[in-house]
Amino acid sequence: MMVENIVTIIAIFSLSAGALGVLFGALGLLRLGDVYQRMHGAGIIDTGGAGLILFGLLLASPEWTVSLRLVLIGLLLGLTSPTATHAIARAAHFAGVKPLIKTSPDAPIEKGANE
Amino acid sequence: MILWFSITLMAIGVSLLLALARAALGPTAFDRVLAVNSIGSLAVLAICVYGFFDGRPEFLDIALLYALINFIGTISVLKYFRAGTLGDHVPPEKQQDMQ
Amino acid sequence: MRSVYVSTILMFGLWLALSGHYTPLLLALGALSALGVSLLAKRMNVLDEEGLPMGILFRLPRVTLWIIWEILKSNLGVIRVIIAPSKAAPQLVTVSAGQHTAAGLVTHANFITLTPGTVSVQVDEDRNEIIVHGLTQEFCDATTDGSMDAKVSLLEKRKVSGA
């Protein structure tokens, strides 16, 4: 009985943290400066948010077949989301989209890649 | 537990709207692709959580397929930007871009 | 031909775990489709060391735990920047990779993208370099200091002498 309670509490904590992570990721997608910076916001959704939500569901899952599916979804997201993000970054780079560069916190933002 | 599932579902819904705003605003096409890719990931999560919320974990099979198709969709849209075609045929004037 | 057997057994195991129906007819159909997919993969030439890296599987758990910890840490860092976007100091840095196979280089680039705050923009296979977009100076330093490079090299097979 005691153990079940602890597992439920961890699951709730993980779900809430994941929900917060997803919200912050989407906020970053909206707020940050240029395409390359927004990719970091999308990265939070795909790694932290998705991982914590799936972990919370894993602890709440009733059967082992359900747990297996959740683990598979996590693995799949972990393998495909960085590849997709890298593909977008590479495509933007080759299409000539220059990232905003700021070498120190006080320096002004300048446009152009240091290649 | 149902309460927490619905709260998570609501957070995912709000994030979906924010990502949709970015897809509508996005100055470059890559912003839009990025936002649509995130919307796909959020949809996978929403399907998973809804399966638990409704007590029907069979929804996870759909989420598994959605995750795969989301990835393939993003890659094919990017390939279409680059080559202007989805097949093996690349128009001659695009060939020097492909390396 | 051994890779076809291994991949058939792995896929049939996955089919058994996911299907939930265990009548003789369906079991036979599942085994047949697993065999068919493996033969197709063999014909497409994707069943090589990269498609089915058996040596890596045993060293995976340690690196997986490490990368999960890194992901959680850098998630908090990126959230801090999202709350105050003026803190962002984006930069492009070049990371030199110590891997000697294509699969190792791809794993390194994937790990860099997997930790929020850094995205690999371009992978140069000839010079073994990865161009990385980092959100702030700290994220850039975390990728260039070589700790991730060492972890990814752990996953790779030892270099065959003389190769």
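The values are calculated or read from the model by the stated rules, or taken from the named source; none is laboratory data. If you're wondering where the values come from, they're calculated on a predicted model, not measured in any experiment. Cβ placement follows ideal geometry from the backbone for every residue including glycine, while neighbour counts extend to all protein chains displayed. All accessible areas refer to the heavy atoms of the entire protein, side chains included, with ligands and DNA or RNA removed. Shrake-Rupley method; radii C 1.70, N 1.55, O 1.52, S 1.80 Å.
Quick rundown of the values:
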item: Residues of region B:43-67 classified as in a helix (DSSP H, G or I) and over 13 Å from A:Arg69 (Cβ atoms), total; result: 6
item: Yes/no for B:Leu20 being assigned to a helix (DSSP H, G or I) and either within 13 Å of the chain's Cα centre (by Cα) or facing chain A (nearest Cβ under 7 Å) (or both); result: yes
item: Criterion violated by C:Tyr22 - all others in (1) in contact with a helix residue (DSSP H, G or I) (Cβ under 7 Å, 6 or more places away or on another chain); (2) open to solvent by 50 Å² or more (accessible area, probe 1.4 Å); (3) over 30 Å from C:Cys140 (Cα atoms) satisfied; result: (1)
item: Filtered residue count, region A:26-47, keeping only those that are at the interface with chain B (Cβ under 7 Å from one of its Cβ atoms) and either out of contact with any Phe, Trp or Tyr (no Cβ under 6 Å at 6 or more places or on another chain) or open to solvent by 10 Å² or more (accessible area, probe 1.4 Å) (or both); result: 9
item: So A:Leu79, is it modelled with pLDDT under 90, assigned to a helix (DSSP H, G or I) and hydrophobic (A, V, I, L, M, F, W, C); result: yes
item: Test result for B:Asp61, facing another protein chain (nearest Cβ under 9 Å), farther than 18 Å from A:Thr47 by Cα, out of contact with any helix residue (DSSP H, G or I) (no Cβ under 6 Å at 6 or more places or on another chain) and not polar (S, T, N, Q); result: yes
item: Verdict on B:Gly87 being open to solvent by less than 50 Å² (accessible area, probe 1.4 Å), at negative phi, more than 7 Å from chain A (Cβ to nearest Cβ) and modelled with pLDDT under 90; result: yes
item: Condition broken by C:Thr107, with the remaining ones in (1) closer than 29 Å to C:Ser153 by Cα; (2) free of Cβ contacts under 8 Å to residues at least 40 places away in the same chain; (3) crowded, with 17+ Cβ neighbours inside 10 Å satisfied; result: (2)
item: Qualifying residue in region A:7-19 (condition: free of Cβ contacts under 8 Å to residues at least 24 places away in the same chain, more than 10 Å from chain B (Cβ to nearest Cβ) and either among the charged types (D, E, K, R) or assigned to a helix (DSSP H, G or I) (or both)); result: yes
